[in-house]
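Single-structure report; data block below.
The values are calculated or read from the model by the stated rules, or taken from the named source; none is laboratory data. All values reported here derive from a predicted model rather than from experimental measurement. Neighbour counts run over all protein chains shown; Cβ positions are idealised from the backbone, glycine included.
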Ligand code: GTP
Ligand code: MG
């Protein structure tokens with residue numbers, strides 16, 4: 001699963017404005033600041049293809065990146081950004097739900113979950129919603145390079161991941177595929193690309 005070419009195509013504010021060539025696509029979702037844009041850069045091995053930021057709420061539109069002229073990686077705004085104005089928060093629901101329900105070329109969703117913190121209700125709600133709407137999902141745990149910290153409850157990524165997978169059993173008979181990653185060290189990058197390749201995207 002080599003990325004020879006990665007090209008930004010466009011930003012869209014709603015599903016009906018998204019590219020229409022019909023290439024298959026993979027969308028990344030997750031809480032603001034979980035590392036969606038960073039993961040895209042790690043996947044394509046380019047530092048600044050997708051814009052990242054320390055401040056949550058950086059990505060505000062649906063961004064299409066064309067890979068090897070054959071398939072799209074789609075960067076979406078994060079959810080659960082408490083400081084965003086209410087208007088923006090409701091907007092997330094409006095336009096991303098519309099995107100998920102209507103985008104025919106969507107092959108699978110990568111749901112990014114921060115491995116540094118205990119399971120968050122908002123992430124479980126998102127998995128639940130995707131599952132109920134029959135949208136295939138792969139769980140991608142991010143920031144697995146970070147060691148346990150007091151402020152994160154003194155737990156390792158592995159402990160948070162086990163807890164999260166345990167909680168998922170309430171929503172799925174079979175645990176969805178999941179992968180541990182770090183955009184900083186490149187952990188999980190090849191495994192993730194192999195996983196996408198076997199979905200016959202490319
Ligand atoms: P929004 O666009 O605001 O929804 O955020 P995002 O999910 O796109 O997050 P982004 O990629 O901008 O990363 C947020 C912050 O987390 C940045 O400061 C990144 O450097 C950091 N970060 C992302 N991935 C990793 C990782 O794997 N390890 C570590 N240690 N930090 C990471
Ligand atoms: Mg982003």
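Structure values in brief
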| read-out | value |
| --- | --- |
| Any hit, region 4-16, residues being under 25 Å from residue 135 (Cα atoms), assigned to a loop (DSSP other than H, G, I, E, B) and within 13 Å of ligand 1 (Cβ to nearest atom) | no |
| Subset of region 41-57 (residues that are within 8 Å of ligand 2 (Cβ to nearest atom) and either touching a residue at least 24 places away in the same chain (Cβ under 8 Å) or more than 21 Å from residue 123 (Cβ to Cβ) (or both)) | 50, 51 |
| Hey, residue 98 modelled with pLDDT under 95, surrounded by fewer than 16 Cβ atoms within 10 Å (Cβ to Cβ) and in contact with a helix residue (DSSP H, G or I) (Cβ under 8 Å, 6 or more places away or on another chain) or not | yes |
| All positions within region 42-59 that are within 6 Å of ligand 1 (Cβ to nearest atom) and closer than 12 Å to residue 74 by Cα | 59 |
| Selected residue [in a strand (DSSP E or B), within 14 Å of ligand 1 (Cβ to nearest atom), within 13 Å of the chain's Cα centre (by Cα) and at pLDDT 90 or above] from 39, 73 | 73 |
| Region 1-36, subset in contact with a helix residue (DSSP H, G or I) (Cβ under 7 Å, 6 or more places away or on another chain) and modelled with pLDDT of 95 or more, residue surrounded by the most Cβ atoms within 10 Å (Cβ to Cβ) | 28 |
| Residue that is within 16 Å of ligand 1 (Cβ to nearest atom) and touching a residue at least 40 places away in the same chain (Cβ under 8 Å), where the choices are 164, 141, 172 | 141 |
| Of all residues making up region 37-53, the number that are closer than 11 Å to residue 110 by Cβ and out of contact with any helix residue (DSSP H, G or I) (no Cβ under 7 Å at 6 or more places or on another chain) | 2 |
| Output for region 114-127, where each listed residue is in a helix (DSSP H, G or I), surrounded by fewer than 19 Cβ atoms within 10 Å (Cβ to Cβ) and in contact with a helix residue (DSSP H, G or I) (Cβ under 9 Å, 6 or more places away or on another chain) | 124 |
